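Just so it is clear, none of the values below were taken in a lab; they were calculated from the coordinates. These figures come from a predicted structure and were not determined experimentally. For neighbour counting, all protein chains shown are included, and Cβ atoms are generated from backbone atoms with ideal geometry for every residue, glycine included.
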Amino acid sequence: MANEFKRINLLCDGNYILPSNVGGAFPQYPTTLGANQVCTLAGSVPGQQFVRGRDYIYASFEYNVDDQWRNWGITIVFFVYVPLRCLPSSQADA
């Protein structure tokens with residue numbers, strides 16, 4: 001997930017902007033991010049129309065993109081070390 005989100009920007013538009021001009025009920029508010037509006041996506045920065053993907057996953061799930069290679073190493077160790085550790089006990093005579 002961190003690998004995919006680090007490359008994208010999420011656009012604040014439509015339902016992610018408050019207050020918004022839903023169905024033309026509030027014509028004083030534009031449909032894009034204006035001066036008196038805020039983006040409700042996690043990780044948004046006031047005044048910016050985009051939310052960086054890495055900011056979004058950190059604010060939503062506390063995933064840090066910098067930890068992805070550490071996590072990959074832990075996965076490799078798990079799938080190599082655990083079977084090698086179990087192999088002698090599975091070959092032992094009863």
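A few remarks follow.
- Pairs linking a residue in the range 17-43 that is farther than 19 Å from S60 by Cα to a residue that is in a loop (DSSP other than H, G, I, E, B) and of a type in the set (A, V, I, L, M, F, W, C), with Cβ atoms under 9 Å and 6 or more positions apart or on different chains, are P19/F26; S20/F26; T32/C12; L33/C12; Q37/C12.
- Taking (1) touching a Lys or Arg at 6+ places or on another chain (Cβ under 7 Å); (2) farther than 16 Å from E4 by Cα in turn, G53 satisfies each apart from (2).
- Of the residues making up the range 58-70, not a single one is more than 13 Å from F5 (Cβ to Cβ) and over 18 Å from the mean Cα position of the chain (by Cα).
- In the range 36-93, the residues that are farther than 30 Å from F26 by Cβ and either in contact with a Gly (Cβ under 6 Å, 6 or more places away or on another chain) or outside any helix (DSSP H, G or I) (or both): E62, Y63, N64, A92, D93
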